[in-house]
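What follows is a set of notes on a single structure, which appears directly below.
The values are calculated or read from the model by the stated rules, or taken from the named source; none is laboratory data. Just so it is clear, the structure is predicted and the values come from calculations on it, not from any experiment. Neighbour counts are summed over all protein chains in view; Cβ atoms, including those assigned to glycine, are modelled from backbone coordinates with ideal geometry. The area values use the complete protein model at the heavy-atom level, side chains included, leaving out ligands, DNA and RNA. Shrake-Rupley method; radii C 1.70, N 1.55, O 1.52, S 1.80 Å.
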Amino acid sequence: MSEVKLAAEVRTSFGKGAARTIRRENKVPGVIYGHGTEPVHVTLPGHDLLLALRTPNVLLSLDLDGKNELAIPKAVQRDAIKGFLVHVDLLLVKKGEKVTVEVAVETEGDLAPGSFLVENVLNTISVEAEATHIPTSVSVSIEGLEAGAAIHAKDIKLPSGTTLATDPEAVVIQILAAQAEEPAAETEDAEGAEA
């Protein structure tokens, strides 16, 4: 888990016009909330935040008026066409505190010889982990699996200190037999008859 330091400024102007002005300065409007405190409206450096958000479940160390706060991204809004950050919601966390987050499921290994397909039923699973030790992903071995095999959430080995929050019986990955294509000769005969 990586920790990224960002300088945050408290903002006092709100609304669409103020948000557009902030974005023109290559900054991103955001809100920090959690721990029963009043939400704090902030402005964050756009480029640095964009780089930080490339790491899933990144821990942000925010310098806010000389006070250091830890937060994780809870909701990120991007422009639908250009992809730039429009707004970010951050959740305050403390060291030692448990949080529930989504982590990516990655496969490793090769299937058994033959025509098999891997279907990722769930691309992410919910886990509960300490805020300062959130895994970026979990790996699942598909080595030697054949059609009909399924990997459930309970079968995934999680890092120490991490517990499963997803239904243990949920199918995460299943192996399917590849479907045979229709013979090409039938379509050629049909095309010849039409001519």
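Could you check segment 127-173 and list, in sequence order, the residues that are closer than 22 Å to LYS95 by Cβ and open to solvent by 40 Å² or more (accessible area, probe 1.4 Å)? Within segment 127-173, GLU128, GLU130, HIS133, THR136, PRO159, SER160, GLY161, THR163, ALA165 qualify.
Out of all the residues in segment 64-73, is one or more in a loop (DSSP other than H, G, I, E, B), closer than 21 Å to VAL10 by Cβ and either open to solvent by 20 Å² or more (accessible area, probe 1.4 Å) or not β-branched (Val, Ile, Thr) (or both)? Scanning segment 64-73, I find at least one residue that is in a loop (DSSP other than H, G, I, E, B), closer than 21 Å to VAL10 by Cβ and either open to solvent by 20 Å² or more (accessible area, probe 1.4 Å) or not β-branched (Val, Ile, Thr) (or both), so the answer is yes. Of everything in segment 95-124 that is under 30 Å from HIS41 (Cα atoms) and among the hydrophobic types (A, V, I, L, M, F, W, C), the residue that is surrounded by the fewest Cβ atoms within 10 Å (Cβ to Cβ) is ALA104.
The set of residues in segment 42-85 that are more than 15 Å from LEU6 (Cβ to Cβ), modelled with pLDDT under 85 and under 19 Å from the mean Cα position of the chain (by Cα) comprises PRO56, ASN57, ASP79, GLY83, PHE84.
May I ask you to verify whether LEU59 is touching a residue at least 40 places away in the same chain (Cβ under 8 Å) and within 22 Å of SER137 (Cα to Cα)?
Numbers: touching a residue at least 40 places away in the same chain (Cβ under 8 Å): yes; within 22 Å of SER137 (Cα to Cα): yes.
The answer is yes for LEU59.
Considering only segment 35-55, state which residues are of a type in the set (Gly, Ala, Ser) and open to solvent by less than 50 Å² (accessible area, probe 1.4 Å). Steps first, answer last, please.
The initial filter retains those residues of segment 35-55 that are of a type in the set (Gly, Ala, Ser), namely 36, 46, 52.
Hits for segment 35-55 are GLY46, ALA52.
Looking at LEU85, LEU92, which is the one that is open to solvent by less than 40 Å² (accessible area, probe 1.4 Å), within 30 Å of GLU25 (Cβ to Cβ) and touching a helix residue (DSSP H, G or I) at 6+ places or on another chain (Cβ under 7 Å)?
Values: LEU92 fails: touching a helix residue (DSSP H, G or I) at 6+ places or on another chain (Cβ under 7 Å).
Every option except LEU85 fails the conditions.
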